[in-house]
Amino acid sequence: WDPILRELEMQMMTEFDYTNEGQNLLQVGKNMAKSPYANKVKVPYPMLDLCSKNLLVMEYLEGKKLATSIEEKLSSILGGDKLMARKVLKAKQQALFESKHSGNQKKGFLKDLNDILGESNISMSVLEKAAKARMLMTMTRDARNKLSLLLDATGHQIFNDGLYNGDPHPGNILVLECGRLGLIDYGQTRSLTKHDRLALAAVVCALGRKTIDIHEITTAMNKFGFHSRDNNEENIAKFAALYFDSDAAGKRLGYATPQKYLQHLNSIDPMVEVPDPAVFVARTSFLFRGLGALLQQQLHTSQHWKKHAKIAIDAKGEDLQLYNLGITPIANE
């Protein structure tokens, strides 16, 4: 945990300088404006002349937080009961984290509808149930489409721009009145060198293949700067999947949380070197999986990011220098 906590500590200290955040907003906004997602996402424009270390002034985005939007739509299905909607979403998220959900979407909707409606389900007609089931399916599909867009936009930022938000939690994502997603709070913006982007891209592409090659994944992880005590290739590949794809393997083994699964992997062959640039990308992957859990969706971030990773590799080539001690490249770009 030491390298991860060290990187988090360094990054947290930069979040309290709003001058930096204003510059981050400006650059990320420019990047997104020339991206394939320019008409689908919006980054607020900073008023740099009015900003200081202790004050951030930026364009106001009219909209609601993504989590709030989902909660309000579910509340509407429940006849306006916001408290029940909040309880349902929390319970469903916890169920997926603890592997209690089957993942069968069709059966899930029918069962969920009965669970959500509770006692009112007894007096409800078949037509009323069908109407609410359609509303629930539409709400879930729309939210998952928004999450897919968010994953794509972030994948573009990571692999194409090398500048991304390391803290994309639900409160930092807005559903705007215009239909676009608003991306706010760039206090934890992270930058990646060309080497970082290509090294990460190699890992993600290896994870995203239909047929997994453990040696390919391990080689890519080593080139990125990951090193374990015993170089157990199978275990390193599992670390890679946990950091940059999914914790589904841990759930299959009975580990209720990613943290417990990580402890299990470290008990087999601990990771002794973790490259700093990997920390916030992994954190971003975990946060997206949390959003997926809110929608009862077992996300595999490598499946969403592999197309962006492949574009980066095709554009720049795969010849990477090995990292020295997993922290800094041997040669400058």
State all residues of region 136-156 that are of a type in the set (S, T, N, Q) and buried (at least 21 other Cβ atoms within 10 Å of the Cβ); if no residue qualifies, say none. T154
Please find, within region 56-69, the residue that is nearest to Y186 (Cα to Cα) out of those that are assigned to a strand (DSSP E or B) and open to solvent by 90 Å² or more (accessible area, probe 1.4 Å). K65
Reported set for region 283-296 where residues are in contact (Cβ under 8 Å) with a residue 40 or more places away in the chain and either under 25 Å from Y186 (Cβ atoms) or in contact with a strand residue (DSSP E or B) (Cβ under 6 Å, 6 or more places away or on another chain) (or both) is R283, T284, S285, L287, F288, R289, G290, L291, G292, A293, L294, L295
Among the candidates G179, G171, residue that is surrounded by fewer than 18 Cβ atoms within 10 Å (Cβ to Cβ), free of Cβ contacts under 8 Å to residues at least 24 places away in the same chain and within 30 Å of Y18 (Cβ to Cβ): G179
Return the total of residues in region 206-236 being farther than 14 Å from P275 by Cα, under 20 Å from the mean Cα position of the chain (by Cα) and buried (at least 22 other Cβ atoms within 10 Å of the Cβ). 2
Conditions: (1) under 17 Å from A202 (Cα atoms); (2) touching a residue at least 40 places away in the same chain (Cβ under 8 Å); (3) out of contact with any helix residue (DSSP H, G or I) (no Cβ under 7 Å at 6 or more places or on another chain). P270 meets all but one. Number of the miss? (1)
Of the conditions (1) farther than 25 Å from L299 by Cβ; (2) modelled with pLDDT of 60 or more, L66 satisfies every one except a single condition; which number is it? (1)
Filter pass, F280 being touching a residue at least 40 places away in the same chain (Cβ under 8 Å) and within 21 Å of D167 (Cα to Cα): yes
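The values are calculated or read from the model by the stated rules, or taken from the named source; none is laboratory data. From a predicted model like this one, the values you see are computed outputs, not experimental measurements. Glycine also receives a Cβ, built like all others from the backbone with ideal geometry; neighbour counts cover every protein chain displayed. For the accessible areas, the whole protein counts, side chains as well, though only heavy atoms, and no ligand, DNA or RNA atoms are used. Shrake-Rupley method; radii C 1.70, N 1.55, O 1.52, S 1.80 Å.
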